[in-house]
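Here's the structure we're looking at; comments come further down.
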Amino acid sequence: GGEVNGFTLDPQSNEFILTHPNIRIPPRGNVYSCNEANSEGWDEDFKAYLKALKTGDNETGKPYALRYVGSMVGDIHRTLMYGGIFCYPGDSGRHPKGNLQLLYKSSPMAHIICAAGGMATDGKRNLLDLEPKRVHERSPCFIGSPDDIMEMK
(Lines give C-alpha, C1' and ligand atoms only; values in the text may rest on other atoms or scores of the structure.)
Protein backbone atom coordinates (compact mmCIF):
# COMPACT_ATOMS: atom_id res chain seq x y z
CA GLY A 1 0.00 0.00 0.00
CA GLY A 2 0.90 3.63 0.29
CA GLU A 3 0.12 6.71 -1.70
CA VAL A 4 1.26 7.89 -5.12
CA ASN A 5 0.88 11.54 -6.08
CA GLY A 6 1.48 13.16 -9.46
CA PHE A 7 3.00 16.60 -9.88
CA THR A 8 3.12 18.80 -12.97
CA LEU A 9 5.61 21.57 -13.66
CA ASP A 10 3.87 24.95 -13.82
CA PRO A 11 5.92 26.98 -16.32
CA GLN A 12 4.57 30.26 -14.89
CA SER A 13 5.87 29.70 -11.37
CA ASN A 14 8.58 27.18 -12.30
CA GLU A 15 7.30 24.97 -9.48
CA PHE A 16 5.78 21.52 -9.38
CA ILE A 17 2.07 21.56 -8.53
CA LEU A 18 0.13 18.59 -7.14
CA THR A 19 -2.22 17.72 -10.00
CA HIS A 20 -2.98 14.03 -9.38
CA PRO A 21 -3.43 13.28 -5.67
CA ASN A 22 -3.63 9.67 -4.46
CA ILE A 23 -3.33 7.92 -7.84
CA ARG A 24 -4.87 4.44 -7.93
CA ILE A 25 -4.13 2.08 -10.80
CA PRO A 26 -7.30 0.67 -12.40
CA PRO A 27 -7.94 -2.97 -11.42
CA ARG A 28 -7.67 -3.97 -15.09
CA GLY A 29 -6.63 -2.28 -18.28
CA ASN A 30 -6.91 -2.99 -21.99
CA VAL A 31 -3.29 -2.38 -23.01
CA TYR A 32 -0.22 -4.58 -22.78
CA SER A 33 3.31 -3.28 -23.15
CA CYS A 34 6.31 -5.42 -24.09
CA ASN A 35 9.17 -5.59 -26.56
CA GLU A 36 7.98 -8.34 -28.88
CA ALA A 37 11.29 -8.36 -30.74
CA ASN A 38 12.47 -11.00 -28.23
CA SER A 39 9.26 -13.06 -28.38
CA GLU A 40 10.81 -16.06 -30.13
CA GLY A 41 12.74 -16.81 -26.94
CA TRP A 42 9.80 -16.49 -24.53
CA ASP A 43 8.29 -19.53 -22.87
CA GLU A 44 5.16 -21.05 -24.39
CA ASP A 45 2.87 -20.15 -21.45
CA PHE A 46 3.71 -16.45 -21.75
CA LYS A 47 3.27 -16.55 -25.53
CA ALA A 48 -0.16 -18.14 -25.03
CA TYR A 49 -1.08 -15.39 -22.54
CA LEU A 50 -0.12 -12.68 -25.05
CA LYS A 51 -2.04 -14.42 -27.82
CA ALA A 52 -5.12 -14.46 -25.57
CA LEU A 53 -4.70 -10.73 -24.95
CA LYS A 54 -4.39 -10.03 -28.68
CA THR A 55 -7.38 -12.14 -29.72
CA GLY A 56 -9.72 -11.38 -26.83
CA ASP A 57 -9.62 -14.99 -25.68
CA ASN A 58 -8.88 -13.73 -22.15
CA GLU A 59 -10.85 -13.04 -18.97
CA THR A 60 -12.34 -9.80 -20.38
CA GLY A 61 -13.36 -11.32 -23.70
CA LYS A 62 -11.94 -8.24 -25.45
CA PRO A 63 -8.66 -7.81 -27.32
CA TYR A 64 -5.97 -5.67 -25.74
CA ALA A 65 -3.94 -3.08 -27.63
CA LEU A 66 -0.15 -3.17 -27.75
CA ARG A 67 1.53 0.06 -26.68
CA TYR A 68 5.30 -0.06 -26.26
CA VAL A 69 7.27 3.16 -26.15
CA GLY A 70 10.58 1.49 -25.33
CA SER A 71 11.08 3.73 -22.31
CA MET A 72 10.17 1.90 -19.12
CA VAL A 73 9.20 5.12 -17.30
CA GLY A 74 6.83 6.15 -20.10
CA ASP A 75 5.28 2.70 -20.37
CA ILE A 76 4.88 2.40 -16.59
CA HIS A 77 3.32 5.89 -16.40
CA ARG A 78 0.68 4.93 -18.96
CA THR A 79 0.06 1.65 -17.12
CA LEU A 80 -0.30 3.50 -13.81
CA MET A 81 -2.80 6.00 -15.20
CA TYR A 82 -4.90 3.73 -17.45
CA GLY A 83 -4.22 0.17 -16.27
CA GLY A 84 -2.88 -2.83 -18.11
CA ILE A 85 0.38 -4.74 -17.89
CA PHE A 86 4.05 -3.99 -18.60
CA CYS A 87 6.11 -7.11 -19.36
CA TYR A 88 9.81 -7.76 -19.79
CA PRO A 89 10.20 -11.54 -19.48
CA GLY A 90 13.38 -13.50 -19.68
CA ASP A 91 14.09 -15.25 -22.96
CA SER A 92 16.03 -18.29 -24.08
CA GLY A 93 18.45 -16.13 -26.08
CA ARG A 94 20.45 -13.18 -24.78
CA HIS A 95 18.38 -12.44 -21.65
CA PRO A 96 17.52 -15.68 -19.80
CA LYS A 97 17.23 -13.76 -16.50
CA GLY A 98 15.43 -10.78 -18.00
CA ASN A 99 17.01 -7.58 -19.24
CA LEU A 100 15.97 -4.99 -16.65
CA GLN A 101 18.11 -4.34 -13.60
CA LEU A 102 16.23 -5.18 -10.43
CA LEU A 103 17.81 -2.65 -8.06
CA TYR A 104 17.45 0.55 -10.04
CA LYS A 105 14.84 -0.17 -12.73
CA SER A 106 12.30 -2.89 -11.91
CA SER A 107 12.08 -2.47 -8.13
CA PRO A 108 11.57 1.33 -8.08
CA MET A 109 8.81 1.10 -10.71
CA ALA A 110 7.30 -1.87 -8.86
CA HIS A 111 7.27 0.18 -5.66
CA ILE A 112 5.29 2.98 -7.31
CA ILE A 113 2.78 0.65 -8.98
CA CYS A 114 2.28 -1.42 -5.81
CA ALA A 115 1.80 1.72 -3.70
CA ALA A 116 -0.97 2.69 -6.13
CA GLY A 117 -2.72 -0.68 -5.73
CA GLY A 118 -1.06 -2.63 -8.53
CA MET A 119 1.13 -5.73 -8.53
CA ALA A 120 4.66 -6.64 -9.65
CA THR A 121 6.23 -10.05 -10.10
CA ASP A 122 9.16 -11.80 -11.74
CA GLY A 123 6.65 -14.44 -12.83
CA LYS A 124 6.93 -16.39 -9.58
CA ARG A 125 7.64 -13.97 -6.73
CA ASN A 126 6.71 -10.43 -5.79
CA LEU A 127 9.41 -8.14 -7.23
CA LEU A 128 9.54 -6.19 -3.98
CA ASP A 129 10.45 -9.35 -2.05
CA LEU A 130 13.55 -10.00 -4.17
CA GLU A 131 16.92 -9.03 -2.72
CA PRO A 132 19.55 -8.45 -5.40
CA LYS A 133 22.91 -10.12 -4.78
CA ARG A 134 24.70 -7.79 -7.22
CA VAL A 135 24.16 -4.13 -8.12
CA HIS A 136 23.40 -4.83 -11.79
CA GLU A 137 21.45 -8.09 -11.27
CA ARG A 138 18.64 -8.53 -13.80
CA SER A 139 15.24 -10.09 -13.39
CA PRO A 140 12.14 -10.77 -15.46
CA CYS A 141 9.56 -8.07 -14.79
CA PHE A 142 5.74 -7.99 -14.97
CA ILE A 143 4.13 -4.86 -13.50
CA GLY A 144 0.58 -3.58 -13.69
CA SER A 145 -3.07 -3.79 -12.77
CA PRO A 146 -3.82 -6.51 -10.22
CA ASP A 147 -6.37 -8.36 -12.38
CA ASP A 148 -4.01 -8.37 -15.36
CA ILE A 149 -1.10 -9.66 -13.27
CA MET A 150 -3.24 -12.38 -11.71
CA GLU A 151 -4.45 -13.52 -15.14
CA MET A 152 -0.85 -13.60 -16.43
CA LYS A 153 0.31 -15.77 -13.51
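The values are calculated or read from the model by the stated rules, or taken from the named source; none is laboratory data. Everything numeric in this text was worked out from a predicted model, so none of it was measured. As a convention, Cβ positions derive from the backbone with ideal geometry for all residues, glycine included, and neighbour counts pool all protein chains shown. The accessibility values were calculated without ligands, DNA or RNA, using every heavy atom of the protein model including side chains. Shrake-Rupley method; radii C 1.70, N 1.55, O 1.52, S 1.80 Å.
Subtracting the Cα-Cα distance of S13 and T60 from their residue separation scaled by 0.36 nm leaves 12.5 nm. Considering only GluC sites (Glu not before Pro) in DSSP loops that have at most 12 other Cβ atoms within 10 Å, the longest stretch of the chain without any of them is 60-153. By the beta carbon rule, with partners counted only under 4.7 Å, the chain holds these lone Cys residues: C114, C141.
From the alpha carbon centroid of the stretch 104-153 to that of the stretch 41-61 is 20 Å.
Note that the stretch 79-86 has calculated 3J(HN,Hα) couplings of 4, 4, 7, 10, x, x, 9, 9 Hz, one per residue in order, obtained from phi through the Karplus relation 6.51 cos²θ - 1.76 cosθ + 1.60 (θ = phi - 60°); glycine and proline are x. Couplings 3J(HN,Hα) for the stretch 101-114, derived from phi with the Karplus relation 6.51 cos²θ - 1.76 cosθ + 1.60 (θ = phi - 60°), are 5, 5, 5, 10, 10, 5, 5, x, 5, 4, 4, 5, 4, 5 Hz, where x marks Gly and Pro.
On the basis of the beta-carbon distance and an R0 of 22 Å, E137 and V73 show a calculated FRET efficiency of 0.65. Here the simple spin-label model places points 7 Å from the Cα toward Cβ, and for Y82 and N35 these points are separated by 2.2 nm. Amide H contacts under 5 Å for D91: K97, G98, restricted to partners 5 or more places along the chain or on a different chain, H placed in the peptide plane at 1.01 Å from N. Build a GNM of the chain with springs between Cα atoms under 10 Å: which of V135, V31, V73 gets the top mean-square fluctuation? Comparing V135, V31, V73 in the GNM, the peak value goes to V135. Taking amide H as placed 1.01 Å from N in the peptide plane, the amide H of I23 sits under 5 Å from that of V4, N5, G6, each at least 5 places away or on another chain. Computed over the chain, the per-residue total of -39500 (n - 2.57) for DSSP H runs of n ≥ 4 gives a 222 nm mean residue ellipticity of -7500 deg cm²/dmol, rounded to 500.
Among residues other than S106 with Cβ under 11 Å from its Cβ, the summed charge is 0 (Lys and Arg +1, Asp and Glu -1). 3J(HN,Hα) along the stretch 28-41, derived from phi through the Karplus expression 6.51 cos²θ - 1.76 cosθ + 1.60 where θ = phi - 60°, amounts to 8, x, 9, 10, 10, 9, 7, 8, 6, 4, 9, 5, 5, x Hz, with x in place of Gly and Pro.
Annotated for the chain: lysine pairs at least 8 residues apart or interchain, Cα distance under 22 Å, count 19. If you filter the stretch 99-145 for trypsin sites (Lys or Arg not before Pro), then keep DSSP loop positions with at most 13 other Cβ within 10 Å, what is left? Those satisfying the criteria are K124, R125, K133, R134. Against the longest principal axis of the chain, how steep is helix 44-55, in degrees 0 to 90 to the nearest 10, with axes from Cα atoms? Compared with the principal axis, the helix lies near 60 degrees. Considering only protein heavy atoms and a probe of 1.4 Å, how much of the accessible area of the chain is carbon and sulfur, as a whole percent? Reported share for carbon and sulfur atoms: 52 percent.
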